[in-house]
Amino acid sequence: MPRTTFRRVPAKEAFVTIVAIFQAFQEMATLSNPGTPKVPANPFYRCAGPNCGTLKGSSDRWWLMWTSFADLSIPVLYLCPWDEEIAQKEGTLHVCGELCAQKLQSQFMGNVRENLMRRGG
């Protein structure tokens, strides 16, 4: 079996791509059936952790992560316990547990360092 290689993609970039595909699919479904009500934003949540994809259950203790650049003019990573309102916001990563959160944090830190080195900082 041939070995698959993956390029390192910032988690936010991958998430934004997935969200764009999902929104385009919703738009196409609405256009083809204009009388149907809109589908909920995202009735199912999958873990954004690298190579995870676990589907969220009703009693799972999940976490949410997101990044921001605007508040402090530097990249900042946020982490909070599950909150349905925050979970539905664009750019939020759904995380099944500590291990996946640590992997995403590690990717974030590596990407920040790499970009700082490229800029000579």
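The values are calculated or read from the model by the stated rules, or taken from the named source; none is laboratory data. Quantities reported herein were computed from a predicted structural model and do not represent experimental measurements. Glycine also receives a Cβ, built like all others from the backbone with ideal geometry; neighbour counts cover every protein chain displayed.
Quick notes
- Flag if Gln26 is at pLDDT 95 or above and surrounded by 10 or more Cβ atoms within 10 Å (Cβ to Cβ): no
- Test: Leu99 is at pLDDT 95 or above and touching a strand residue (DSSP E or B) at 6+ places or on another chain (Cβ under 9 Å): no
- Any hit, the range 109-118, residues being closer than 20 Å to Asn51 by Cα and of a type in the set (A, V, I, L, M, F, W, C): yes
- Taking the criterion of being more than 23 Å from Asn115 (Cα to Cα) and polar (S, T, N, Q), the residues of the range 53-101 that qualify are Thr54, Ser58, Ser59, Gln88.
- Evaluation of Met65 against the conditions (1) touching a residue at least 12 places away in the same chain (Cβ under 8 Å); (2) out of contact with any helix residue (DSSP H, G or I) (no Cβ under 7 Å at 6 or more places or on another chain) shows that the sole unmet condition is (2).
- Output for the range 51-96, where each listed residue is on the phi > 0 side of the Ramachandran plot and over 12 Å from the mean Cα position of the chain (by Cα): Asn51, Ser73
- Single condition Ala48 does not satisfy, out of (1) farther than 27 Å from Leu116 by Cβ; (2) surrounded by 10 or more Cβ atoms within 10 Å (Cβ to Cβ): (1)
- Considering only residues in the range 68-121 that are of a type in the set (Asp, Glu) and not in a loop (DSSP other than H, G, I, E, B), the one that is surrounded by the most Cβ atoms within 10 Å (Cβ to Cβ) turns out to be Glu114.
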